[in-house]
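The structure appears below as structure tokens.
No value in this document is a laboratory result; all are computed from the given coordinates. If you're wondering where the values come from, they're calculated on a predicted model, not measured in any experiment.
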């Protein structure tokens, strides 16, 4: 079985890096993907948020160079979960375990296109 997702979007906030007990770095960031559509002769826009996790050297590089508003391409495995809040509101989340992160556009330090090599995620 094989499953892979590619999204291009912008970071909603700065990434957050932490370390696993074995010392391996892990970085989390959110990516917003905007989709424009037309319905009943009206233009609209839909935003889908993805929670992204990067591992190892890729996590360190993402933490160092990514910031809120930066455009990225993320390739990885996607998972979804759904739940209901205590107030009865349905909620869902889409998570991507990043295998590759590509920086797009101009970064704050003048880079134009930085590639982070693909990396295997840890075994769970």
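Structure above, values below:
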{"item": "Contact order normalised by residue count of region 5-116, Cα under 8 Å, 6+ apart, percent", "result": "26"}
{"item": "25 Å tail of the calculated P(r), region 5-116, as % of Cα pairs", "result": "30"}
